[in-house]
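Structure, as structure tokens:
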Amino acid sequence: MSELFDLAGETLSGLGSLRWLRVSGGRHPDYGYHQVPFLGWRFEDPSAEKLRRIERAVATTPTQVDWRIDTSRRNWLLAPARILGDGDNPAASPAFDDRVDSAMQDQDFCVQAWADLDAMLRTLRDLQPALKLTFTVRPGQGEPSAFDLGDITCEGESGAVGSAGHAPDQGMMIHLSVPLLLDSLRPLFTGRQKTASFVGTGTSFRLDFRLDRKGTVSVSAQGTTVGTCGLEELADAVLRPAQEFTEKVLSTLPEEDGARSDVVASLERFRASTT
């Protein structure tokens with residue numbers, strides 16, 4: 001039990017701070033029979049994006065029994081469908097307790113569901129972000145400057161696009177393009193726009209972003225969708241590599257180079273728009 005509890009805590013905490021966590025299942029400490037497994041938790045700040053990640057893990061994990069996620073109460077619940085009702089409050093007692101007692105008579109079911117829960121948590125822990133952006137500087141350009149060429153790569157569930165390897169070349173002035181990307185996306189987070197487009201400095205490489213009514217952002221290049229994600233995940237997909245780029249690459253530029261202050265200022269504006 002403690003091993004799965006630790007796995008659940010570590011995995012869910014990776015999505016956001018937890019206020020409460022309960023893992024049920026495993027062998028009864030006194031009588032040794034297998035108990036019905038389910039997982040309950042409460043985030044400090046629940047969001048549609050956190051739920052989307054969990055739903056993705058549940059949907060992509062091969063399981064032996066059917067599972068459902070119940071978010072009808074402040075404590076979210078991942079449980080076998082067999083023990084949940086069909087009303088507005090699927091985990092309401094005493095009916096929920098009665099279904100748990102009934103399911104516990106099926107020890108094979110309990111063992112299978114326990115293995116399922118472990119597998120889903122491991123999938124969630126290892127789940128890659130729905131969108132990944134990478135910023136790189138091309139080598140062999142002499143002393144670093146704001147005009148160095150570099151590339152952007154965008155990877156999603158439908159494929160990957162990048163500025164490298166094209167004829168004619170689509171490399172861009174990367175130190176100027178990173179802050180331009182951050183500034184181009186801010187209107188999506190402030191609610192001013194539902195669409196945003198980015199074209200790198202000195203290149204024809206372009207990414208288009210469209211936000212739908214459900215809060216899902218689709219990312220496309222040349223009319224082909226690369227991937228989809230929520231606003232929270234998009235913010236992380238952009239901020240994380242931009243911060244790494246700032247720490248590792250911009251520090252090589254001369255102190256007086258304006259590109260350094262441009263990226264820092266754009267990062268601050270972008271962070272402010274996402275809170």
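Just so it is clear, none of the values below were taken in a lab; they were calculated from the coordinates. Just so we're clear, the structure is a prediction, and the values are computed from it rather than from any experiment. With ideal geometry, Cβ positions are generated from the backbone for all residues, glycine too; neighbour counts draw on all protein chains shown.
Within the chain, which whole H helices from DSSP have a Cα span along their axis of at least 27 Å and a mean Kyte-Doolittle hydropathy of -1.0 or more, if any?
The answer, listed by residue number, is 107-126.
Mind listing the long-range amide H neighbours of Gly26? Cut-off is under 5 Å, sequence gap 5 or more, other chains count too, H placed in the peptide plane at 1.01 Å from N.
Amide H neighbours of Gly26: Gln35.
What is the Cα centroid distance between segment 148-206 and segment 221-275, reported in whole angstrom?
For segment 148-206 versus segment 221-275, the Cα centre distance is 11 Å.
Using Cα positions and a limit of under 22 Å, work out the lysines in reach of Lys214, with same-chain residues fewer than 8 apart set aside.
Lys50, Lys132, Lys194
Taking the simple approach of a point 7 Å from Cα along Cα-to-Cβ for both Ala95 and Ser251, what is their distance in nm?
5.9 nm
In a Gaussian network model over the chain where Cα atoms closer than 10 Å are linked, find which of Ala167, Ala259, Ala103 has the largest mean-square fluctuation.
Most flexible of the set in this elastic network: Ala167.
Treating only the Cβ of Lys, Arg, Asp and Glu as charged (+1, +1, -1, -1), what charge dipole size does the chain show about its Cα centre? Round to the nearest 20 debye.
In debye, rounded to 20, the chain gives about 680.
Using θ = phi - 60° and the Karplus curve 6.51 cos²θ - 1.76 cosθ + 1.60, what whole-Hz ³J(HN,Hα) does each residue of segment 34-47 get, with Gly and Pro shown as x?
3J(HN,Hα) across segment 34-47, in whole Hz: 7, 9, 6, x, 7, 10, x, 7, 9, 7, 4, 9, x, 8.
Expressed as a rounded percentage, what relative contact order does the chain have, with Cα pairs under 8 Å and six or more residues apart?
14 percent
Using a simple charge model, +1 on the beta-carbon of Lys and Arg, -1 on the beta-carbon of Asp and Glu, nothing else, what dipole does segment 1-144 show about its Cα centre, in debye to the nearest 20?
Magnitude of the dipole: close to 540 debye.
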